[in-house]
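A short reminder: the numbers here are calculations on the coordinates, not readings from a lab. Just so you know, these numbers come straight off a predicted model, no measurement behind them. Every residue, glycine as well, gets a Cβ built from its backbone with ideal geometry; the counts of neighbours run over all protein chains shown.
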Amino acid sequence: MTDRWILHNLNETIGKATANFDKFEFGVAGHILYNFIWDEFADWYVELTKEVLYSDNEEEKVITRSVLLYTLDKILRLLHPIMPFVTEEIFGQISEGSIVTAAYPTVNPAFEDLAAHTGVESLKDLIRAVRNARAEVNVAPSKPITILVKTSDSDLEAFFNSNVNYIKRFTNPEHLEIASNIPAPELAMSSVITGAEIYLPLADLLNVEEELARLDKELAKWQKELDMVGKKLSNERFVANAKPEVVQKERDKQADYQAKYDATVARIDEMKKLVK
């Protein structure tokens, strides 16, 4: 799944970077490449591959190593117009010939996989939410904790359960539960991601007043996002002139932010009962 995710994102990056190179928007193209190389390939994909590369599944190891090398190869070719000498040197270490005469990357329709993209982005959100919650109350990553993931999205629940090995490796749970009928614990850190709510029962470490203050900041963040997307969608010129898929993307954002806002409000109401 993570291999299909990085190839899907590589496809998107090739399309966007090439379009901007063609328009001589070199700064924009460089920014797109930076985000993909640093945030997606180096920060996430290389880490996620450890679950496969440290396993006993030799067949999967071969596939993952091939995808790592393939993606690095395409990254070097994409970067070559703006970083010629460094890319030439690295390319010579992994391939024969000169990168100067190597074909420039093109979008491969076979790599399109929206399900893999959506699933792994949710997995990243879950891992990030748990790590942030740990940091909020100074719980070391090495300390096993209980993690509860509540979701009414059956597809997301199935995805998390089928990729539970990644969740366990990167969040270190003592007990992990993923289901649709999990009651919210009274004293717990909580986070809202697209399609799910995450609870970390840390009763001995949680200060209710501080958690309420954190949730208030979270609520303000979702309100700001709602205001921004609402302003855009209330602009009749934008709705009339923008491409339908662009307008739909904004509407999807609005629905997502509203769900996160509502879940945060509900959690604040629950926490307030504890201080009465």
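The helix-based estimate of mean residue ellipticity at 222 nm for the chain, built from -39,500 (n - 2.57) per DSSP H run of four or more residues and divided by its residue count, is -20000 deg cm²/dmol to the nearest 500. For region 26-31, 3J(HN,Hα) computed residue by residue from phi via the Karplus equation (6.51, -1.76, 1.60; θ = phi - 60°) reads 5, x, 5, 4, x, 5 Hz, glycine and proline entered as x. When the alpha carbon gyration tensor of region 99-191 is reduced to an equivalent ellipsoid, the three semi-axes, largest first, read 33, 18, 10 Å. For the chain, the normalised intensity computed at q = 0.11 Å⁻¹ comes to -0.79 (log10 of I(q)/I(0), Debye sum over alpha carbons, equal scatterers, no solvent).
Lysine pair count for region 1-132 with Cα-Cα distance under 25 Å and sequence separation of 8 or more or different chains is 9. In terms of surrounding Cβ atoms within a 10 Å radius of their Cβ, Ser162, Ser122, Ser142 rank from fewest to most as Ser142, Ser162, Ser122. For the chain, averaging the sequence separation of C-alpha pairs within contact (under 8 Å, six or more residues apart) and dividing by the residue count gives a relative contact order of 15 percent.
Taking square-rooted eigenvalues a ≥ b ≥ c of the alpha carbon gyration tensor, is region 22-95 rounded, prolate or oblate, where a/c under 1.5 means rounded and, failing that, a/b exceeding b/c means prolate? In terms of gyration-tensor shape, prolate. Short-range pairs are left out: with C-alpha atoms under 8 Å and at least six residues apart, the relative contact order of region 115-250 is 24 percent. Dimensions of region 129-267 along the principal axes, based on C-alpha atoms and rounded to the nearest Å, stand at 53, 36, 25, largest first. With R₀ set to 45 Å, the beta-carbon distance separating Lys243 from Ser66 gives a calculated FRET efficiency near 0.80.
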